[in-house]
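Undergrad: Let me give you the structure first, and then I'll get to my questions.
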Amino acid sequence: MNKIGIAVSGGPNPSEIPGLVALAESLGYESAWVAEGHGGDQFSVLTACAMKTSTIRLGTAISSVYVRSIPTIAMAAATVDDISQGRFILGLGSSHKVQVVPEHGVAYSKPITRLRESVTIIRDLLQNGRASFQGETVTIENFDLWFTPRRPDIPIYAAAVFPKMMAVCGEIADGIILTRSTLQTGAQVKQHLAEGAARGNRDPDKVEVTSLLPIAVGDSREEALNSMRPGLTFYVGFFPRYRQMIADYGFQEETAAAAAAFAKGDREGAERCITDAMIDATSIVGTPGQCKEQIEAYRQSGIDLPILSPFARGPGARATFEAVIRACAP
């Protein structure tokens, strides 16, 4: 059976997410992923998900390597893995300077180095129970775990947007987490993974390629497109790296115009700059049948694990997520 995942990034209340994940498990979803941002503590939510499920894999997409100490991340990962009986995936990423610095009051520098050093420390703690590390971005004098992790080799996936980080994933990670991919991304990323894997003397085919794919299911394609527009507007307007990524897909003029309007506080003007072509290129939109066809197209393009990521806020968020989970079940 073809694998499919579901991701929650804000929207439903934390107490609602375990029920959604249990529903996904019952319908055949392979994995469930929880972001953090402003949506609640992801490790707490995943622990609750573990208690309500038995087979579905549970992952973070992603956990920032800046806003928690690295030993704290390792402890949290080992805890969820133990409670879930070995179903956890630790998805790590560098997040964004526009979030880390103003929202958390934490310094942000050398994101690739920070990710590398974080993975080294976490693996050392999981495998050996203790770690001491002197790096460029992290220094750990000594930290030891007071329990034995269920698995010393918890899978670590890493998020990447641009080629340099993609190659690093091939070098050090068990999987890569992309976001808002196009149908060309899968083939391109595998080239970069192979470059990194060669440096690390690893098999690139063993690095699972996943992508968070924004999705909107509607009674019509037009309805789905319109419901997707606010989310893409925010990504283009607020996140410089995502803005550059979308521009690199061939939408330089559109992203520049949207960003300019967003910077002025004109959300409606920014939304008007987000074209149907931009949404189609980076999202899954349409009726249930159309969405399933697009999911399969992503698989055929080289995405090993499509992860559906609905965008919903407010009182109806849970219902929106449930509708997507049911409509796109394998």
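The values are calculated or read from the model by the stated rules, or taken from the named source; none is laboratory data. All values derive from a computational prediction rather than experimental measurement. Reconstructed Cβ throughout: ideal geometry from the backbone, glycine too, with neighbour counts over all protein chains shown.
Quick grid of which residues meet (1) touching a residue at least 40 places away in the same chain (Cβ under 8 Å); (2) more than 13 Å from the chain's Cα centre (by Cα); (3) assigned to a loop (DSSP other than H, G, I, E, B):
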{"site": "58", "(1), (2), (3)": "no, no, no"}
{"site": "68", "(1), (2), (3)": "no, yes, yes"}
{"site": "71", "(1), (2), (3)": "yes, yes, no"}
{"site": "75", "(1), (2), (3)": "yes, yes, no"}
{"site": "81", "(1), (2), (3)": "yes, yes, no"}
{"site": "90", "(1), (2), (3)": "yes, no, no"}
{"site": "100", "(1), (2), (3)": "no, yes, no"}
{"site": "103", "(1), (2), (3)": "no, yes, no"}
{"site": "106", "(1), (2), (3)": "yes, yes, yes"}
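Undergrad: Any idea which of (1) modelled with pLDDT under 95; (2) not assigned by TED's automatic domain parsing to the domain that holds residue 323 is the one residue 200 doesn't satisfy?
TA: Tallying (1) modelled with pLDDT under 95; (2) not assigned by TED's automatic domain parsing to the domain that holds residue 323, residue 200 fails exactly one: (2).
Undergrad: Out of the helices (runs of 4 or more DSSP H) lying entirely within the range 262-330, which hold 1 or more residues that are farther than 20 Å from residue 209 by Cα, aromatic (Phe, Trp, Tyr) and out of contact with any helix residue (DSSP H, G or I) (no Cβ under 7 Å at 6 or more places or on another chain)?
TA: none
Undergrad: Taking the conditions exactly as written (aliphatic (A, V, I, L, M), in the same structural domain as residue 185 (by TED's automatic domain parsing) and closer than 26 Å to residue 18 by Cβ), does residue 67 satisfy them or not?
TA: On the way: aliphatic (A, V, I, L, M): yes; in the same structural domain as residue 185 (by TED's automatic domain parsing): yes; closer than 26 Å to residue 18 by Cβ: yes.
Yes.
Undergrad: Here is a follow-up. So, in the range 24-48, of the ones that are within 16 Å of the chain's Cα centre (by Cα) and surrounded by fewer than 17 Cβ atoms within 10 Å (Cβ to Cβ), which residue ends up nearest to residue 210 (Cα to Cα)?
TA: 37
To keep it simple, each residue is scored yes or no on (1) surrounded by fewer than 21 Cβ atoms within 10 Å (Cβ to Cβ); (2) under 22 Å from residue 116 (Cβ atoms); (3) of a type in the set (Phe, Trp, Tyr); (4) in contact with a Ser or Thr (Cβ under 8 Å, 6 or more places away or on another chain).
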{"site": "185", "(1), (2), (3), (4)": "no, no, no, yes"}
{"site": "198", "(1), (2), (3), (4)": "yes, yes, no, no"}
{"site": "202", "(1), (2), (3), (4)": "yes, yes, no, no"}
{"site": "223", "(1), (2), (3), (4)": "yes, no, no, no"}
{"site": "234", "(1), (2), (3), (4)": "yes, no, yes, no"}
{"site": "257", "(1), (2), (3), (4)": "yes, no, no, no"}
{"site": "260", "(1), (2), (3), (4)": "yes, no, no, no"}
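Undergrad: Go through (1) surrounded by 19 or more Cβ atoms within 10 Å (Cβ to Cβ); (2) part of a helix (DSSP H, G or I) one by one and return the number of the condition residue 214 breaks.
TA: Here residue 214 meets the rest and fails (2).
Undergrad: Looking at the range 168-185, is at least one residue farther than 25 Å from residue 57 by Cβ, among the hydrophobic types (A, V, I, L, M, F, W, C), modelled with pLDDT of 95 or more and assigned to a helix (DSSP H, G or I)?
TA: Checked the range 168-185: no residue is farther than 25 Å from residue 57 by Cβ, among the hydrophobic types (A, V, I, L, M, F, W, C), modelled with pLDDT of 95 or more and assigned to a helix (DSSP H, G or I).
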